[in-house]
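What follows is a set of notes on a single structure, which appears directly below.
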């Protein structure tokens with residue numbers, strides 16, 4: 001199983017700039033309706049699958065005030081970066097584009 005050591009979410013749905021260092025055991029995300037809990041889970045899913053489990057188009061997951069989003073993570077000992085806009089997608093693992 002892969003372990004997320006660090007996660008940075010930028011302009012993904014209503015998450016404008018979030019930096020998370022999860023605990024190695026259990027992590028709880030508690031909040032009211034429409035505060036971003038599902039968006040956090042969706043961002044993690046997107047990082048692993050390069051697609052959403054909810055949205056059909058990229059425009060639906062990009063924050064309203066911008067034209068792109070970025071997800072950065074340290075997973076095990078690998079650094080993953082996913083940048084997406086309406087017309088461009090960049091994925092890098094340990095600073096090498098794929």
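Structural remarks
- Subset of segment 84-98 (residues that are closer than 17 Å to residue 6 by Cβ and either at pLDDT below 95 or part of a strand (DSSP E or B) (or both)): 92, 93, 95
- Meets criteria (surrounded by 15 or more Cβ atoms within 10 Å (Cβ to Cβ) and more than 17 Å from residue 79 (Cα to Cα)) for residue 31: no
- When segment 63-75 is filtered for residues that are at pLDDT below 95, in contact with a strand residue (DSSP E or B) (Cβ under 8 Å, 6 or more places away or on another chain) and either within 13 Å of residue 43 (Cα to Cα) or surrounded by fewer than 11 Cβ atoms within 10 Å (Cβ to Cβ) (or both), the ones remaining, listed by number, are 63, 65.
The values are calculated or read from the model by the stated rules, or taken from the named source; none is laboratory data. Since we're looking at a predicted model, the values are computed, not measured. For neighbour counting, all protein chains shown are included, and Cβ atoms are generated from backbone atoms with ideal geometry for every residue, glycine included.
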